[in-house]
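First comes the structure, then the notes that go with it.
The values are calculated or read from the model by the stated rules, or taken from the named source; none is laboratory data. Keep in mind that this is a model prediction, so the values were computed, not measured. All Cβ positions, glycine included, derive from the backbone under ideal geometry; neighbour counts span all protein chains shown. Keep in mind that these areas ignore ligands, DNA and RNA; they rest on the heavy atoms of the full protein, side chains included. Shrake-Rupley method; radii C 1.70, N 1.55, O 1.52, S 1.80 Å.
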Amino acid sequence: MAAAMAWLRRGAWGPARRCGRSYSAGGVSPGVPLSCPLPGVPKAVFAAAEGRERFETRVTALENGLRVASQRKFGQFCTVGLLINSGSRHEAKYLSGISHFLEKLAFSSTAQFGSKDEILLTLEKHGGICDCQASRDTIMYAVSADAKGLDTVVNLLADVALQPRLSDEEIEMTRMAIRFELEDLNMRPDPEPLLTEMIHAAAYRENTVGLNRFCPVENTNKIDRQVLHSYLRNYYTPDRMVLAGVGIEHEQLVECAKKYLLGVEPVWGSAQAKDVDRSVAQYTGGIVKVEKDMSDVSLGPTPIPELTHIMIGLESCSFLEEDFIPFAVLNMMMGGGGSFSAGGPGKGMFTRLYLNVLNRHHWMYNATSYHHSYEDTGLLCIHASADPKQVREMVEIITREFILMAGAVGEVELERAKTQLKSMLMMNLESRPVIFEDVGRQVLATNTRKLPHELCALISQVKSADIKRVVTKMLHKKPAVAALGDLTDLPTYEHIQAALSSKDGRLPRMYRLFR
């Protein structure tokens, strides 16, 4: 130790000494420089940054067309699931609501498992949980469990997706659950799910992503096992599926896929799919209005006041196009939220809808930007809420914000939006289920996956000119409008369209002799 201290006192930055040459200083016993290995001490192994290739998503296509995608992640648990290119957008030739039924029927009895309880008990042995989510273009069956139970998990997923019993009792229970959900949807204080349905119906009238995601009440009794099988026969085919896994070895997942998903005949038979809807989304624009008394939506000691909700949207682009990234930055720049949202810059308090709308117009309860993107189209919209008497003024404020999007974008504002988008992207991708969904959706759409560092590089490249270009293109489209509540003072669709075509976003003036 004394020798080491003497060496440090002489200066670590001094001339390098050869290993083995001893020295002494001030009576200190001869020693060896610390840069040389110590005799009898095992050689140190230092941690090094691993190559990027270890974190790349690996994809393998099986003979039947099914793709297997995996992503490595440290930890004891894994998330594995099946993503299927099937959703409400494919229901044009069928009864609306089939995907909603399939979501509710997921993880019920199958050929191997007698009941939902049996499935849950099997997963419990591996500390697992399961979930199914149906969207407009994808249905996803997912399980999170201990990685040691991978074989059991893939076997269960294959059985749930390809061998469901769909008993009369289960279908009847699903009908009751859907009816209750639809009632709840209409009674919720938060109308966002309902407005999202309405804006899609207005933007893509009676086609693809404009078709209803929720089962209409009149169809609940019409959907039975036969209807479900006819749909499953066309859309639950291996070439429309991706088996994605996070936190497992790729070879192991491929082996399980071959074992349980290759050469398996589904319960509805292996006949060739004939009626697959490959329609491309047709943006139409338009308006959907629902007059509704919102005065008793939230009763209690602190009731929410009666509000009218408006959503105005314009067609953006698909997530496969290059302009998707500028639109994502624009959406982050607009931001917004409710009037009671709390927090600093990280919460979006410096976004345009806070600074220009909520901070200046205290009577507005909400102003939030949303961006919905699909493989062939996209929709950028702003949701706003206010007292029914101030609907006209609220609509004009929102149309002005759309016009201002095409104006000057400050460098600080743009950099803040880009940094916030990268931050949210990286933060969300800390979660294993989010990585799983990202891997599955990207591979389902493109057969490959853009990694987070690639997306961050694309975000960094966005310039203010890109924002202006995409907004100018977007403003040439017809608007889509959804309105819910007391609509007495709602401007006409033609007036909203005229405001979005003007230079300042103002609604045409109306003159009345009598009020």
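Looking at the chain, which longest stretch skips every one of the chymotrypsin sites (Phe, Trp or Tyr not before Pro) that is in a DSSP loop with at most 12 other Cβ atoms within 10 Å, leaving the sites themselves out?
75-339
Summing -39500 (n - 2.57) over the DSSP H runs of n ≥ 4 in the chain and dividing by its residue number, what mean residue ellipticity at 222 nm do you reach, to the nearest 500 deg cm²/dmol?
Computed ellipticity for the chain at 222 nm equals -11000 deg cm²/dmol.
Hey, with R₀ at 41 Å, roughly what FRET efficiency would residue 60 and residue 221 work out to, going by the Cβ-Cβ distance, to 0.05?
Calculated value: 0.40.
For the chain, what size does the Cα cloud have along each of its three principal axes, sorted from largest down, in whole Å?
Result for the chain: principal-axis Cα extents of 108, 60, 47 Å.
How much of the calculated P(r) for the stretch 450-515 lies past 13 Å, in percent of all Cα pairs?
76
On average, how much accessible surface per residue is there in the stretch 57-261, in Å², for a 1.4 Å probe, leaving out ligands, DNA and RNA?
I get 40 Å² per residue for this part.
How many percent of the accessible area of the chain is carbon or sulfur, using a 1.4 Å probe?
Reported share for carbon and sulfur atoms: 54 percent.
I want to verify the translational diffusion coefficient of the stretch 81-152 in µm²/s; compute it with Stokes-Einstein, Rh as the Kirkwood radius over Cα pairs, at 25 °C and 0.890 mPa s.
185
Can you compute the charge dipole magnitude of the stretch 379-488 about its Cα centre, using +1 on each Lys and Arg Cβ and -1 on each Asp and Glu Cβ, nothing else charged? Give it in debye, rounded to the nearest 20.
I would put it at about 420 debye.
What nm distance separates the two modelled labels at residue 129 and residue 188, each placed 7 Å from Cα along Cα→Cβ?
1.9
Run down the lysines and flag those whose C-alpha is under 23 Å from the C-alpha of residue 468, throwing out any fewer than 8 positions away in its chain.
418, 422, 477, 478, 503
Do you know the Lys pair count in the stretch 57-261 for C-alpha distances under 30 Å, with sequence separation 8 or more or different chains?
The number of close lysine pairs in the stretch 57-261 is 23.
Taking R0 as 60 Å, what FRET efficiency do you get between residue 494 and residue 148 from their Cβ-Cβ distance, rounded to the nearest 0.05?
It comes to 0.40.
Rounded to a whole number, what is D in µm²/s for the stretch 57-261 from Stokes-Einstein with the Kirkwood radius over alpha-carbon pairs (20 °C, 1.002 mPa s)?
Once the numbers are plugged in, D ends up at 120 µm²/s.
Using 0.36 nm times the number of residues separating residue 478 and residue 92, minus their current alpha carbon distance, what extension gain do you get?
Using 0.36 nm per residue and subtracting the Cα-Cα distance, I get 136.6 nm.
Using only alpha carbon pairs under 8 Å that are at least six residues apart, calculate the relative contact order of the stretch 286-501 and give it in whole percent.
With pairs under 8 Å counted, the relative contact order is 35 percent.
Tell me, Kirkwood radius of the stretch 241-308 from alpha-carbon pair distances, in Å?
Taking every pair of different Cα atoms in the stretch 241-308, averaging 1/r and inverting gives 19.1 Å.
Send over a whole-number figure in Å² for the accessible area per residue of the stretch 286-501, probe 1.4 Å.
44
Run the numbers on the chain and let me know its relative contact order in percent, using alpha-carbon pairs under 8 Å that are six or more apart.
18
What nm distance separates the two modelled labels at residue 465 and residue 360, each placed 7 Å from Cα along Cα→Cβ?
For residue 465 paired with residue 360, the spin-label model returns 2.9 nm.
Report the one residue of 460, 379, 334 whose Cα lies farthest in the direction of the positive end of the charge dipole of the stretch 286-501 (charges on C-beta: Lys and Arg +1, Asp and Glu -1; origin at the Cα centre).
Result: 460, furthest along the dipole toward the positive end.
Under the √(5λ) rule applied to the eigenvalues of the Cα gyration tensor, what semi-axes describe the equivalent ellipsoid of the stretch 286-501? Give them in Å, descending.
30, 20, 18
How much FRET efficiency would the formula 1/(1 + (r/R0)^6) give for residue 275 and residue 172, where r is the Cβ-Cβ distance and R0 is 30 Å, rounded to 0.05?
Computed FRET efficiency for residue 275 and residue 172: 0.65.
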